[in-house]
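A quick write-up on the structure given underneath.
Every number in this text was worked out from the coordinates using simple rules, so none of it is lab data. In this text the structure is predicted, and so the values were computed from the model without any measurement. Positions of Cβ are backbone-derived with ideal geometry, glycine not excepted, and every protein chain shown enters the neighbour counts.
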Amino acid sequence: MRKFLSICLCMAMVLPVYSCTNPEKRYSASYTDVFDTVVDFTAYCSTESEFRTVSESVHAELVRLHRLFDIYNEYPGVPNAAYINRAAGGTAVETEPELTELIKTGKSFFAETGGRLNFALGSLLSVWHFYRAEGTRVPAFEELSESAKHTDPDKVIVDGNTVAFSDPLIKLDFGAFAKGYAAAAAAETAKKLGISDFALNLGGNVVVSGTKNGEKWNIGVQDPEGGILTTLHVSGVSVVTSGDYQRYYEVDGVRYHHIIDSETLYPCGFYRSVTVVCADNSVADALSTALFCLDIESGRELARKYSAEALWILPSGETVRTGGFADYE
Amino acid sequence: MNKKTLRDIILVAVIVVTAASALAVINSSSRPGTEFEILVGGELFGTYRLDRDAVITVGDLCVAEVKGGEVFMRSSTCANQTCVHHRPISSAGDPIVCLPNSVTVRIKGGSETDYVV
């Protein structure tokens, strides 16, 4: 009896130790200097110095793309979105191939979403941005409709590496998918450095690759009323949520959030949040915004087009899922 | 009681304690967030409890408040006020970040959820 118990005790003591001796360890790093959010990078690496090398490269790629897509600040020697917004109304300006690629992606999203996702909405969004920062007033419809006259993506003309606006008051705003594009690009950077098991989170835009010691990654979906509504078990996909609780302000008890319907010119009011799971992060990012402003059936159709799965949380708290979403839960 | 039986009892007691402590470790690592931390410039400013209402002044940068199991940014000296407009948080891995002041408030959590979207 004692022998048996002794063996049990030895096994009980050895097992946890054995399970921790996997050659790859989990490391994490956080950054707060890009994309107006907190960036978390977690990866399984052999050594801490290997992780440092990878996380610094991931961070450098995010800094580069943040500067390129920034619509608020210009940087010396970077022909970025802010520079284009300032200069492309007068004459064609030369920029980076990645920015012209992003504009072309934006034009394609505009066509595919029936205009719900518009990268040329900058003049309208800047009005809302101003009032949100002020936090006490709601813009008048006249001011919004005046700015909305300058949001036609066809008036953004790309020729090689140059961009010109045929409407000088048009403004680019890649807010709906720039983070997704950057997350996907930074994930590629990690993969090129030989890291296969990692997760990257750009403030709610998550890319996961591989596993954590053989287990899938667990991504919680925020319950708008607090806590986690459901947890997704995923590998090799992107998960993005757009929600009315992420960025907003209140006037006279009414909440005005940051996802603006290009038709009504006011915040979209169908849902509390939409979560999208699909292969590509920039698509997941764009779809979560587009679906937020579409009825469920049109949203389902759009999700199907991109082989994406979606979860809608309605103001009543009710949830709606595409057919394959539950496979991740 | 003979010596042999006493040793058996000790052995069983050791097994029970080992099992109980292992269970405690598993439980504590999967519990939802009950603490949060504030980082300034990536460095830890402090760790606080979520179950105790409090007002925390972070230098001359901002003021965080804990109320009813949630934490939110009550005020901030930053220009954009994004952090003040962020909803109160209570889930592990869910942060409020003030980029201009480089302040991050995040719920500490178990290993069950890697990230929250």
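What is the extension gain from residue A:215 to residue A:279, computed as 0.36 nm multiplied by their sequence separation minus the C-alpha to C-alpha distance, in nm to one decimal? Please list the in-between numbers first.
Working: separation 64, 0.36 × 64 = 23.04 nm, distance 1.88 nm.
Fully extending the segment from residue A:215 to residue A:279 adds 21.2 nm.
Simple spin-label model, 7 Å along Cα-to-Cβ: residue A:155 to residue A:296 in nm?
With each label placed 7 Å out from Cα toward Cβ, I get 3.8 nm.
What number in nm² do you get for the protein assembly as shown if you take the convex hull of its Cα atoms and divide its surface by four? Could you put the intermediate results ahead of the total?
Values: hull surface 104.2 nm².
Its average projected convex-hull area is 26.0 nm².
Using only alpha carbons, build the gyration tensor for region A:28-150 and give me the equivalent ellipsoid semi-axes, biggest first, whole Å.
Details: eigenvalues 215, 73, 46 Å².
Largest first, region A:28-150 gives 33, 19, 15 Å.
Under Stokes-Einstein, with the Kirkwood radius over Cα pairs standing in for Rh, what whole-number D in µm²/s applies to region A:216-329 at 37 °C and 0.692 mPa s?
Details: Rh = 14.3 Å.
Using the Kirkwood radius from Cα pairs, D works out to 230 µm²/s.
Using the C-alpha gyration tensor of region A:81-165, what are the square roots of 5 times its eigenvalues, in whole angstrom, with the largest one first?
Numbers: eigenvalues 128, 46, 25 Å².
Gyration-tensor ellipsoid for region A:81-165: 25, 15, 11 Å.
Would you mind getting the Kirkwood hydrodynamic radius of region A:46-103 from its Cα pairs, rounded to one decimal in Å?
On the way: mean 1/r = 0.0778 Å⁻¹.
Its Kirkwood hydrodynamic radius stands at 12.9 Å.
Just the ratio, please: alpha-carbon radius of gyration of region B:35-108 over 2.2 N^0.38 Å, N its number of residues. It would help to have the intermediate numbers written out before the result.
Details: Rg = 10.7 Å, N = 74, 2.2 N^0.38 = 11.3 Å.
That works out to 0.95 for region B:35-108.
Quick check: residue separation of residue B:108 and residue B:80 times 0.36 nm, minus the Cα distance between them. What number comes out in nm?
Details: separation 28, 0.36 × 28 = 10.08 nm, distance 2.60 nm.
Going from the current span to full extension adds 7.5 nm.
Give, in nm to one decimal, the length gained when the segment between residue A:318 and residue A:250 is fully stretched (0.36 nm per residue of separation minus the Cα-Cα distance).
Additional length available on full extension: 22.1 nm.
If you only keep lysine pairs separated by 8 or more in sequence, or across chains, how many in chain A come under 16 Å at the Cα atoms?
The result is 9.
If you find the alpha carbon centre of region A:253-306 and of region A:87-111, how far apart are they in angstrom?
23 Å
What is the calculated FRET efficiency for residue A:231 to residue A:25, with r their C-beta to C-beta distance and R₀ = 25 Å, to the nearest 0.05?
Working: r = 24 Å, r/R0 = 0.95.
In this case the efficiency is close to 0.60.
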